[in-house]
1. Return the long-range amide H neighbours of C126 (sequence gap of 5 or more, or a different chain), with a cut-off of under 5 Å between placed amide H atoms.
2. Put +1 on the Cβ of every Lys and Arg and -1 on every Asp and Glu Cβ in segment 93-196; which of A152, L98, V119 then has its Cα farthest towards the positive end of the dipole?
3. Using only the Cα atoms of the chain, what do you get for the radius of gyration and for Dmax, in Å?
4. All other residues with a Cβ under 13 Å from the Cβ of K31 taken together, and with Lys, Arg as +1 and Asp, Glu as -1, what is their net charge?
5. Tell me, what is the per residue accessible area of the chain in Å², probe radius 1.4 Å?
6. Which value in deg cm²/dmol, rounded to the nearest 500, describes the helix-derived mean residue ellipticity at 222 nm for the chain, given -39,500 (n - 2.57) per DSSP H run of n ≥ 4 and division by the residue count?
7. Once neighbouring chains are kept in place and the probe is 1.4 Å, which whole percent of the accessible area of segment 193-352 is contributed by carbon and sulfur?
8. Collect residues whose amide H, placed 1.01 Å from N in the peptide plane, falls under 5 Å from the amide H of T113; neighbours closer than 5 in sequence don't count.
Amino acid sequence: MVKEEILQNINTILKFKSTKEYDEFVSKFEKLFAKYCDCKDSLAVNSGTSALQLALLFLGIKEGNEVLVPAYTYAASAIVVSNIGAIPVFVDIKPTDLTIDPKDIESKITNKTKAIIAVHIHGNPCDIDPILEICKKYKLNLIEDASQAHGATYKGKKVGSFGVGCFSLHMSKNLGAFSSAGAITFNADQLREKLLKYVQPDNDTVEALNSGRTPCEMDAIQACFLIPKLKILDKMNDRKREIAKLYDEFITNPSFEKPVLNDKSISVYRDYFIMCKDREKVFKTLLSQGIGSKIRYKKPLHLTNTFKYLGHKESDFPVAEKVAKEVLCLPTHLGLSDEDIIKICSILNKIT
Ligand SMILES: *Cc1c(COP(=O)(O)O)cnc(C)c1O
């Protein structure tokens, strides 16, 4: 079904004769995606990184401003901040679901702080309510990096609808295009025009930005894949949740810690992680039986070479550091059967 629709879409765009037709085709995805995310509108771009960077730019974040980012995330969540000359300020995470710890946010706020990038890491929604409260109190913008959480909900509402939502639609994510793509979701009416200036810069905008910004629209071929795949996203997410439930139920080895979500959040489990004291051993044991697990992410951002210039040291973010040492992501491919997952659990349960 999906494959046929993709081919049909490609046939359709091959016949297009004007850029307007391409734009309209991409708009079709934008409308569907906004609706899916409980948002008024969305803007399709060429990657998750572009989405985040554009969000920062159009929110007026400038050189020297500070932006709060969790210390444990995919590096792109923070690199976008330094890319525009602003300063990423790290915040520790919660050991239960690995999202930004609202209790660690306030002590990191200064008069230069302009925004918080909350990352719904591994598909787990952040604690939105306390984060929004802090944003209101200090007049900060909320940017959600929802690149791993398409369809995840907090209090029944989709992530990406609480602040400015930034999504990667890279082929490796829960909702993936043919190669690279991304989207921004938002609720304010005038944002579209403002954002478009950055996505399709004209001579005036480039000058105003003074940074030779390059265009970053999504190309129509990505929409050919994304439109049909969006229709089955809920079904794919449901299966991920079933897999997670099996791991929850069948991993009984007390040496592993399993994810614990807050009761308002429903995850889409881009990854199902466990914490293991002897990660190397678990990784190798699984591999010896043909099971590939992933270490995401080996280093918290404050200890990477990329952010060395910020001058952090070990023990600055204890939870992020412990997690980076112990986290192991188990397979959640949709092709795996219940029996496959239960087998992985029984291997894990035998590890002493
Ligand atoms: C993948 C990802 C990004 C970057 O998205 P690209 O489409 O690869 O540019 C940013 N943040 C998170 C959390 C991601 O997982």
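1. Amide H to amide H, under 5 Å and 5 or more residues apart or across chains, C126 pairs with nothing.
2. Checked the options; the winner is V119.
3. Rg, Dmax (Cα atoms, Å): 20.5, 64.
4. 0
5. Working: 16230 Å² over 352 residues.
Per residue, the chain has 46 Å² of solvent-accessible surface.
6. Details: 12 runs with 139 residues, N = 352.
Value at 222 nm, helices only, nearest 500: -12000 deg cm²/dmol.
7. Ligands and nucleic acids excluded, carbon and sulfur reach 53 percent.
8. Here E66 satisfy the definition.
The values are calculated or read from the model by the stated rules, or taken from the named source; none is laboratory data. Predicted model, so just to flag it, every value in this text is computed and none were measured. Every residue, glycine as well, gets a Cβ built from its backbone with ideal geometry; the counts of neighbours run over all protein chains shown. When the accessible area is computed, the model is the full protein with side chains, heavy atoms only, and any ligands, DNA or RNA have been set aside. Shrake-Rupley method; radii C 1.70, N 1.55, O 1.52, S 1.80 Å.
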